[in-house]
Structure formats: structure tokens, C-alpha cells
1. What trypsin sites (Lys or Arg not before Pro) does the range 40-138 have in DSSP loop regions with at most 15 other beta carbons within 10 Å?
2. Spin-label point model (7 Å from Cα, Cβ direction): what's the Ala143 to Arg73 distance in nm?
3. Sort Glu97, Glu145, Glu140, Glu51 by Cβ crowding within 10 Å, fewest neighbours at the top.
4. Per 0.36 nm of contour for each residue apart, how much would the distance between Ala93 and Ser64 grow if the chain were fully extended, relative to their Cα-Cα spacing?
5. How much mean residue ellipticity at 222 nm does the chain get from its helices, if each DSSP H run of length 4 or more adds -39500 (n - 2.57) and you divide by all residues, to the nearest 500 deg cm²/dmol?
6. Along the Cα-to-C-beta direction of Ala18, a point sits 7 Å from the Cα; which residues of the range 65-98 have their amide N less than 20 Å from that point?
7. HN-Hα J couplings of the range 92-100 from phi, Karplus 6.51/-1.76/1.60, θ = phi - 60°, integer Hz, Gly and Pro as x?
8. Suppose every Lys and Arg Cβ carries +1 and every Asp and Glu Cβ carries -1, with no other charges. What dipole size does the range 11-152 come out with about its Cα centre, to the nearest 20 debye?
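What follows draws every value from the coordinates through simple rules; no lab data is involved. Small disclaimer: the values here were computed from a predicted structure and weren't measured. We place every Cβ from the backbone using ideal geometry, glycine too, and count neighbours over all the protein chains shown.
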Amino acid sequence: MTSRVARRRDGADRPLAATFRRNAAGFYEAAEAALPQHPEATRYFLAIAIELALKAHLLHRGISDDWNRVYLRHDLSKALRFARRAGFNGAPAALPELAALLGPYYQVHAISRMPPKAVASVCWSQACMTVRDLIDAVVEAAAREASDHEGVA
């Protein structure tokens with residue numbers, strides 16, 4: 001059994017979280033651009049964008065980059081689970097399934113070895129929209145928390 005992730009606002013690395021959000025958006029844009037001619041690259045870029053977006057939320061909530069690197073590594077489903085425990089409730093409905101599909105291959109750097117049946121099971125343009133919605137939700141959560149924080153101060 002895992003424990004809840006502590007909400008240590010005082011230890012939040014907001015500049016690094018913002019960098020992770022920007023990088024997630026960049027990988028999402030690369031995924032969309034690659035989709036017509038390089039679908040394997042699209043899958044890889046989407047996995048990176050998911051990881052960065054979820055870790056951005058954790059960083060914003062006070063979970064260190066070192067902790068993320070050691071305990072989450074490249075596990076997309078685990079990152080989603082811990083982001084939810086840290087208060088993220090804006091994940092698109094299709095995200096858990098997408099993370100579960102990409103995660104096992106992404107974790108071992110084997111996106112190129114995804115079976116054709118698994119690849120064909122997803123509408124990749126819809127997957128791009130799911131990741132865009134994830135990034136938007138992470139950005140919104142950070143902005144909402146920042147405005148809530150200003151109201152308290």
C-alpha cells in the first residue's frame with residue numbers, strides 16, 4: 001500500500017514546474033506535427049508530454065524532481081496516480097487508458113515495438129487531443145492554485 005503524497009507547498013519548485021509544462025506543450029506540438037508521416041514519433045512524443053505534464057503538477061505541489069526521478073521514473077500510470085493523490089482532478093477521461101497503453105513500452109524505451117494491434121486500437125489524433133487537454137488542465141490547476149495562494153496571502 002502506498003501512502004498519500006504530501007502537499008508541501010513550501011517546497012514547490014514552481015519555476016521547474018513551469019519549465020516542465022512548457023516542455024510538455026512542446027512535445028505535444030511535435031507529436032501533432034509528426035502524426036501524418038511519423039506515427040511512431042507521435043506515440044513517443046505523446047508519452048513524454050504525459051510524463052512531463054504530470055510531473056509538472058507534482059513539482060508545483062512540492063514533490064521534488066529527485067523523488068519523481070527515483071520513484072516514478074517513466075511510469076505514466078503511476079505518475080497519474082500520484083498526481084491525483086496530490087490533488088490533480090483534471091485528467092481527461094481517456095488519459096488512464098492511453099497511459100496504460102503507452103506506459104509499458106515507454107518505460108523500457110520500446111515504443112517502436114508496440115504490437116500493430118495495440119497501435120491500431122487507438123485513434124492517434126484523438127490521443128493528441130487527450131494530451132492537449134491534460135496539459136491545459138495542468139496549466140489551469142497551477143494557475144488556480146496560484147490565485148488561491150494570492151488570496152490567502
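1. Loop-located and lightly packed - Arg73.
2. According to this spin-label approximation, the distance is 3.6 nm.
3. Glu140, Glu97, Glu145, Glu51
4. Numbers: separation 29, 0.36 × 29 = 10.44 nm, distance 2.66 nm.
Using 0.36 nm per residue and subtracting the Cα-Cα distance, I get 7.8 nm.
5. Taking each H run of at least 4 residues, the total per residue is -22000 deg cm²/dmol.
6. Label zone hits: 65-66.
7. Calculated HN-Hα couplings, in order: x, 4, 7, 5, x, 5, 5, 4, 5 Hz.
8. Using only the charged Cβ atoms, the result is roughly 420 debye.
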